[in-house]
Amino acid sequence: MDSPIIKIDDKHVPLYRIVWVSDVPHFCGEDDCMHEGDYEIRLDVDDSIWTNSKDRDETLKALNKWCSDPRPEGDDWI
Ligand SMILES: [Zn+2]
């Protein structure tokens, strides 16, 4: 069985700590925003990880696998 831990950015994160994963890049309009264009991965503690689209996709893939989301067709996307 796969270990439910994924490396995002430089952090190893247990998948069960993830609450949600952003579908679109962050934009808030703040001049000093450090995360514009990054994808937010929300953790169940009051914290988030900010990453690129590739790591975001990897995270979603791992979450889907871990949750065993039943796909009616097309398992090959995992
Ligand atoms: Zn921002």
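Here, each number is a calculation from the coordinates, and none is a lab measurement. All figures in this text were calculated on a predicted structure; none of them were measured in a lab. FYI the Cβ positions are ideal-geometry reconstructions off the backbone, even for glycines, and counts take in every protein chain you see.
Would you check if SER3 is touching a Phe, Trp or Tyr at 6+ places or on another chain (Cβ under 6 Å) and under 19 Å from CYS67 (Cβ atoms)? Criteria not met by SER3.
The residue of region 8-30 that is farthest from the chain's Cα centre (by Cα), among those that are touching a residue at least 12 places away in the same chain (Cβ under 8 Å) and assigned to a strand (DSSP E or B), is LYS11. Candidates in region 3-52 are the residues that are of a type in the set (Lys, Arg) and surrounded by 14 or more Cβ atoms within 10 Å (Cβ to Cβ); of these, the one that is farthest from LEU63 (Cα to Cα) is ARG42. The residue that is farthest from the ligand (Cβ to nearest atom), among those in region 31-59 that are in a strand (DSSP E or B) and polar (S, T, N, Q), is THR51.
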